Structures are given as C-alpha cells and as structure tokens.
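Here the structure comes first, spelled out in structure tokens, and everything after it is commentary.
The values are calculated or read from the model by the stated rules, or taken from the named source; none is laboratory data. Computed from a predicted model, the values in this text were never measured in an experiment. Neighbour counts run over all protein chains shown; Cβ positions are idealised from the backbone, glycine included.
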Amino acid sequence: MRLIDDTELHRSSVVANNAMNRERGLDGVNSYARDLGFHPLDRLRPRLAEHGAASWLDLCCGQGRALAQAAAQQLDGLTLTGVDLVGHFDPAATAAPDLTLVTASLGEWQPDRAFDLITCVHGLHYVGDKLGTLARVLTWPAPDGFFAAHLDLGSIRLLDGTPAVQPLRRLLRAAGLAYDGRRRLLTCTGPRELDLPFAYAGADDQAGPNYTGQPAVDSYYRPLRTGTRPEPAPPPRRAVTVDDAGVHITHDASTFDIEWDIVQYVTLSRLVVDVADVDCVELTVDFVFGDHATVQEDAEGFAEAVAEFARRWGRPAPDLSALAPDEDVEIWRCP
Ligand SMILES: C[S@@+](CC[C@H](N)C(=O)[O-])C[C@H]1O[C@@H](n2cnc3c(N)ncnc32)[C@H](O)[C@@H]1O
C-alpha cells in the first residue's frame, strides 16, 4: 500500500470523481435532512428568532444546493458559507445573496468567525488528514453552535493497517463528541479541543468503496507516545451485570442502569493494536438512539454478563479466548 500526500490526493480520481453525489438538497430523498437526521434550518430558526442572526458553514458543500435552497427561503439574518475543493457550484448557489462560496481545501481554509451550525455531509471520506482537519474544524462552532459531520471510523487506520475504531470511539467520547454508529455521524454542541495521540502519515486513495458505495480515502496515522503523560492513576473499579431490568455498568462509585427497551444490540469484539500493545475483549451495548456504552473484559462480572446475554438470546455463549481480532460478534439483539 502506497500512502500519498494532499497534492497527489487532490488530483486522484477518487477525490475528483464525477460520479460522486455532490447534489444533495436541503430536504427530500437526496438530502441533508435525510442523511444528517435533522433539518439544518430547524437548528438555525430558533437562533434567528432569538438573536436576529444565524450562520451556517457547510464544509465539502459539493454544488452548494442545500445552501442555495436555504438561501431561497430568504430568512432575514441568515448567513451561509460553503467550502469545497472543487468550484463546480450550482448556478442557484452562486447567484444567492448572503451565500459565500469558497473554493479551497479544508486542510488550508480558515474562517475568521464562529458559526451556529457547521455541517460536513459525506465530505471527510475524501480528506487525507481526517483527524487533523477535525481538530481544526471543531474549534469553529459558536459556544452553542452545533457541529455534525459524517465520519467513517473504519477509514482511519494505524500504520500497521489496524483500524483505529475502538480507541477512536473512546477518545472522541472523552473529548465530548457523540458518535452515531448507524449514521456514522459525529456531533457536538460548542467548540472542542481535540488533541489525539496520532500523527498523520498519509492517505490511501485505493482503499475501495466505503459504506456509501463510493470509492473513498483511508487515512493512516502513527500512534504517538510522547512520554509526557502523568503516571497512570489506579484503574477505577468497573463491573457489569445483566438482569431482568437491563444492563448495569458500574464505574467507581456510579452505576449506569440501561433498561432493556433502549438496548438495540450487544456485541463482543477483540481489539488488537500491535503497535500500541493493546489486546482486549470489549462488550459494546448499542442504544436505539445511536449512542453506545462499552465495558472491557477486566470489569467484574464480564464473563457472567456475556453468558447471560447469550442465554437470554437463546444462543451458546461465545468462547472469549477464541475471538478473532477486530471481528464483531453479536450476542444479543432486540427481538
Ligand atoms: C460526496 S461529495 C458531498 C457534497 C455535498 N456535501 C453533498 O452532500 O451534496 C464530497 C465533496 O467533498 C469535497 N472535498 C473532497 N476533499 C475535500 C477537501 N480536502 N477540501 C474541501 N472539499 C473536499 C469534494 O469536492 C466533494 O464535493
């Protein structure tokens, strides 16, 4: 596998792909409302009503059709900005007042203001340094501004090829970001400081189609061990139990009670990251509203909880020692 830099990436047929869907509108079948799971104007109207002004920045805006349709609603005080590497914008977008279109790479463009809404709809799939770009972009929301971007965690890999899905989920959550695994949507309210222990190494434009069905770009990172971290604190007490009420996850003095009616499915996975000396089994409880909770095998009651999920699902409990690396094994699903 050959890793390429941004200059080569931006010339790659995967990024300059005519067949790419760059035409999503605001709502309807091929739209932002459908793929984001919320209507962008629903996020902006309350702000407009309260402050008389609101701003929307759409990164990787494609033809800018969603922005043009927002502009067509002529909402007083609404400021719209679209940024895309390719300057092939819809004529309705270029003609719209209060809509600024910028032809630039996300890796280089820098705004001079904060925004009430920042979206990036299926754009990061084509960006080389996805994590570095996210770290910059996440400083741009206004204090109560909303950020939403599609991110395929499986396209972010460590240099040995290992997908960084599980450590990233954890690190992103620790940084105050929510990740909806079904929509592959990263969201937060307000700016965030994202300081992840990964150094960008390059992009693979030959990774093949991602979950959208279109060829996409995998991004490769080198794990950083700076040695500057403080001595690790003693690990907190963790425990998990499963009973008729649901799943109970204890972290030190607090217990998180997850009732059965919000559990969508439960999976086991073995996370192996050779370069970071990680090899552990994890239980992930995915909720019906898109969030999730994870427990690692060193939690008290882990094996018993796995056996109880399997019993309730009417299947034999999997052999934890025989799990293949990075394979997800479902052990319970909402009937
Ligand atoms: C799949 S399209 C989505 C466009 C639009 N958001 C939509 O849903 O209709 C991805 C867009 O990302 C843009 N893009 C790719 N790499 C970029 C980069 N480094 N900086 C800015 N835009 C980029 C492409 O030019 C393309 O328009």
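Take the residues in region 31-71 that are aromatic (Phe, Trp, Tyr) and surrounded by 23 or more Cβ atoms within 10 Å (Cβ to Cβ), then tell me which one is farthest from ASP112 (Cα to Cα). Only one residue fits best here, namely TYR32. Could you check, for region 7-30, whether at least one of its residues is of a type outside the set (Asp, Glu), buried (at least 21 other Cβ atoms within 10 Å of the Cβ) and farther than 30 Å from GLY290 by Cβ? Yes, region 7-30 contains a residue that is of a type outside the set (Asp, Glu), buried (at least 21 other Cβ atoms within 10 Å of the Cβ) and farther than 30 Å from GLY290 by Cβ. Please verify whether region 96-105 includes one or more residues that are within 12 Å of the ligand (Cβ to nearest atom) and among the polar types (S, T, N, Q). Yes, region 96-105 contains a residue that is within 12 Å of the ligand (Cβ to nearest atom) and among the polar types (S, T, N, Q).
Screening VAL15 with (1) more than 10 Å from the ligand (Cβ to nearest atom); (2) at pLDDT below 95; (3) in contact with a helix residue (DSSP H, G or I) (Cβ under 6 Å, 6 or more places away or on another chain) gives one miss only, at (1).
Say whether the condition of being assigned by TED's automatic domain parsing to the domain that holds ARG157 and under 20 Å from the mean Cα position of the chain (by Cα) is met by at least one residue in region 40-52. Even if it seems obvious, please write down each step before you answer.
Step one: list which residues in region 40-52 are assigned by TED's automatic domain parsing to the domain that holds ARG157, which gives 40-52.
Now narrow it down to the ones that are under 20 Å from the mean Cα position of the chain (by Cα): 40, 43.
Yes.
Within region 253-275, residues that are of a type in the set (Gly, Ala, Ser) have Cβ atoms under 7 Å from residues that are exposed (fewer than 12 other Cβ atoms within 10 Å of the Cβ) in these pairs: SER269/GLU327, counting only partners at least 6 apart in sequence or on another chain. Scanning region 49-65 for residues that are in contact (Cβ under 8 Å) with a residue 40 or more places away in the chain and among the acidic types (Asp, Glu) yields a count of 1. Comparison of ARG34, ARG47, ARG65, ARG24 shows that the only residue that is away from the ligand (no atom under 14 Å from the Cβ) and either at pLDDT 95 or above or in contact with a strand residue (DSSP E or B) (Cβ under 6 Å, 6 or more places away or on another chain) (or both) is ARG47.
Contact annotation: residue pairs with Cβ atoms under 9 Å, 6 or more positions apart or on different chains, pairing a residue in region 77-89 that is within 12 Å of GLY123 (Cα to Cα) and aliphatic (A, V, I, L, M) with a partner that is near the ligand (Cβ under 8 Å from one of its atoms) and part of a strand (DSSP E or B), are VAL83/ASP58; VAL83/LEU59. Scanning region 72-95 for residues that are on the phi > 0 side of the Ramachandran plot and either within 16 Å of the ligand (Cβ to nearest atom) or of a type in the set (Val, Ile, Thr) (or both) turns up nothing. Hey, can you tell me all the residues within region 106-125 that are loosely packed, with under 15 Cβ neighbours inside 10 Å and either free of Cβ contacts under 8 Å to residues at least 24 places away in the same chain or among the acidic types (Asp, Glu) (or both)? GLU108, ASP112 - these are the residues of region 106-125 that are loosely packed, with under 15 Cβ neighbours inside 10 Å and either free of Cβ contacts under 8 Å to residues at least 24 places away in the same chain or among the acidic types (Asp, Glu) (or both). Filtered by the rule that a residue be over 11 Å from the mean Cα position of the chain (by Cα) and either of a type in the set (Ser, Thr, Tyr) or surrounded by 17 or more Cβ atoms within 10 Å (Cβ to Cβ) (or both), region 157-190 gives ARG157, LEU158, THR162, PRO163, ALA164, GLN166, PRO167, LEU171, THR189. Scanning region 1-48 for residues that are at positive phi and either without any contact (Cβ under 8 Å) to a residue 60 or more places away in the chain or of a type in the set (Asp, Glu) (or both) yields a single hit, GLY28. Taking the conditions exactly as written (in contact (Cβ under 8 Å) with a residue 60 or more places away in the chain, over 22 Å from PRO40 (Cα atoms) and either in the same structural domain as GLU23 (by TED's automatic domain parsing) or in a loop (DSSP other than H, G, I, E, B) (or both)), does GLY161 satisfy them or not? So GLY161 passes the test.
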